[in-house]
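**Student:** Supplied in structure tokens, the structure appears directly below.
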Amino acid sequence: MPVPLNNPAADQVPQSRAQIHLSFAALVRETAPAVVNVYAARAVPAQQSPFAGDPFFQQFFGQQYRSRPRMEASLGSGVIIDRSGLVITNNHVVENADEVKIAFSDGREYETKILLKDKDVDLAVLKIQGGKGPFPVMPIGDSDNLQIGDLVLAIGNPFGIGQTVTNGIVSALARSHIGVDDSGFFIQTDAPINPGNSGGALIDMNGDLIGVNSAIFSRSGGSNGIGFAIPSNMVKAFIAAAKAGHPFERPYVGADFATVTPDIAEAMGLSVPTGALVQSVTKSGPAASAGLKVGDVVLSVDGRTVDNPDALAYRLATTGIGNSVGLDVLRGDRHVRLTLPLQTAPETPPRDKRTLTGNEPFAGATVFNLSPRVATDFGLATDKTGVVVASVTAGSLAQRVGLKRGDIILSVNGNPVDSTATLEQLANADFGRWQFDIERNGRRLTQVIQ
């Protein structure tokens, strides 16, 4: 029976040091040596002066008006996860870096090599060069065991002031669409995370890495008690890809999914809106082979609940290509159990990369044939066909007419574009007037150039 709050017996003076002493010191001593500072630097080319090539300025000033190349640096944190010297950090800490170093809290510094980095999941794996191991490591825990309210510690190098430890709790799980490149399944914590903590460790009370600190929600640039970490199970899958020497890939399903709305949930007899609604299924894809059908709702993966399409994608990504998962599917008024094989997205047709040149609207655009693999790379529906813009050269005609990366070119002057070869042929035609249709973010847009 609980003691009433106003009971004098409950208001007793502590009788021993053990009753008042709470410390994370032992946990920090055990784990902090595996957390390092990450320094990334890149050379910024000299800016071209607007007077470059002007005879007057060259006569009097020579080349002195040219700005000198400079080094641009970024600072973050990292966690050693293998005694051979593998370090996990955020992609945005090392992106575009020409040189990356790590430093221990005792002052030791080492050069590193980037083994793998991926913008979509915002992770990177570094390999320490020249150092003698074994290095201190932090064991990786199971982020699926986390519960809201669990105590956690964040260890990193905020603002470059040196290694710092903060504590808090798990505030929420499975956060998505928070405004950064994300895995769709962030851990939210109120443990203070500040600039420089990116790539640092979020650990549980067992001393296991259960997240890599990645982002904060802030109006001032400092911690407001809302921080986000990439779950350790996603980190495990990423590290496995780095060790295997291949890029990190999300499995190809061959289906597109939508969120279950309250109306759909009511129509299907669900007490709450949950699951991932199958919107389309690609013929001969893994989903079709597994027996998924349009209108099905995926409720769980290997017994773990799926609340939305982001959660489904996370579960498949952390399981990994080459494996299979069991799906609990609601079809009409009955439950169906299906087995889905996780495969690499096929590149059929081949991308046939072409960079268009000349005096036409597409000059300066690099284009690929769309395939399930290319569509996955560009975040497009896997059933899309045709030609996608892979990149646009700055200052080119293609940029001037508004073409952007990810645009799907549908037609030119009424002629359907079904391949890069077709587009190149149409681009070389002598049209006096240009009209082309593109698809961007699901919308069809038309551009006319006289």
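Each value in this text was obtained by applying a stated rule to the coordinates, not by laboratory testing. Everything numeric here is computed off the predicted structure, so don't read it as measured data. Cβ placement follows ideal geometry from the backbone for every residue including glycine, while neighbour counts extend to all protein chains displayed.
**Student:** At a 10 Å Cβ-Cβ cut-off, how would you order Met268, Met234, Met205, fewest neighbours first?
**Tutor:** Numbers: Met268 17, Met234 24, Met205 12.
Lowest to highest Cβ neighbour count: Met205, Met268, Met234.
**Student:** Fewest Cβ neighbours within 10 Å first, please rank Leu270, Leu126 accordingly.
**Tutor:** Values: Leu270 16, Leu126 30.
The fewest-first ordering by Cβ neighbours comes to Leu270, Leu126.
**Student:** Check which residues have an amide H placed less than 5 Å from Asp150's amide H, if you skip close sequence neighbours.
**Tutor:** When sequence neighbours closer than 5 places are left aside, the close amide H contacts are Val170.
**Student:** While we're looking at this one, here's another question. Would you please give the residues with an amide H less than 5 Å from that of Val36, counting only those at least 5 places away or on a separate chain, with H modeled from the backbone geometry?
**Tutor:** HN-HN under 5 Å from Val36: Gly78, Val79, Ile80.
**Student:** Can you compute 3J(HN,Hα) from phi for each residue in the stretch 273-289, using the Karplus curve 6.51 cos²θ - 1.76 cosθ + 1.60 with θ = phi - 60°, rounded to whole Hz and x for Gly and Pro?
**Tutor:** Along the stretch 273-289, the couplings run x, 8, x, 10, 7, 6, 9, 8, 10, 7, 4, 6, x, x, 5, 5, 5 Hz.
**Student:** Still on this structure: Tabulate in residue order the Karplus-calculated ³J(HN,Hα) for the stretch 382-396, using 6.51 cos²θ - 1.76 cosθ + 1.60 with θ = phi - 60°, rounded to whole Hz; enter x for Gly and Pro.
**Tutor:** 6, 8, 6, 10, x, 10, 10, 7, 8, 7, 9, 5, 4, x, 7
**Student:** Now a separate question. Between beta-carbons, use under 13 Å as the cut-off and find the net charge around Ile169, counting Lys and Arg +1, Asp and Glu -1. Please report the intermediate quantities before stating the final value.
**Tutor:** Working: positive: none; negative: Asp150, Asp190, Asp204.
Neighbour charge sum, excluding Ile169 itself: -3.
**Student:** Using the 10 angstrom Cβ neighbour count as an exposure proxy, how do Thr261, Thr112, Thr318 rank, fewest first?
**Tutor:** Values: Thr261 11, Thr112 28, Thr318 22.
Going from sparsest to densest Cβ surroundings: Thr261, Thr318, Thr112.
**Student:** Using the alpha-carbon centroid of each, what span in Å lies between the stretch 122-162 and the stretch 246-266?
**Tutor:** 30
**Student:** Please give the peptides 420-429, 98-107 ranked by average Cβ packing (other Cβ atoms within 10 Å per residue), highest first, as a rough proxy for protection.
**Tutor:** On the way: 420-429: 18.0, 98-107: 15.0.
Result, highest mean first: 420-429, 98-107.
**Student:** At 0.36 nm per residue, and after removing the present C-alpha to C-alpha distance, how many nm does the segment from Arg440 to Glu111 gain when stretched out fully? List each step's numbers first, then the result.
**Tutor:** Details: separation 329, 0.36 × 329 = 118.44 nm, distance 4.19 nm.
Full-extension gain reported as 114.2 nm.
**Student:** Multiplying the sequence separation of Asn206 and Ser280 by 0.36 nm and subtracting their Cα-Cα distance, what value in nm do you get? Present the calculation step by step, with values, prior to reporting the outcome.
**Tutor:** On the way: separation 74, 0.36 × 74 = 26.64 nm, distance 4.34 nm.
Net length gain for the segment: 22.3 nm.
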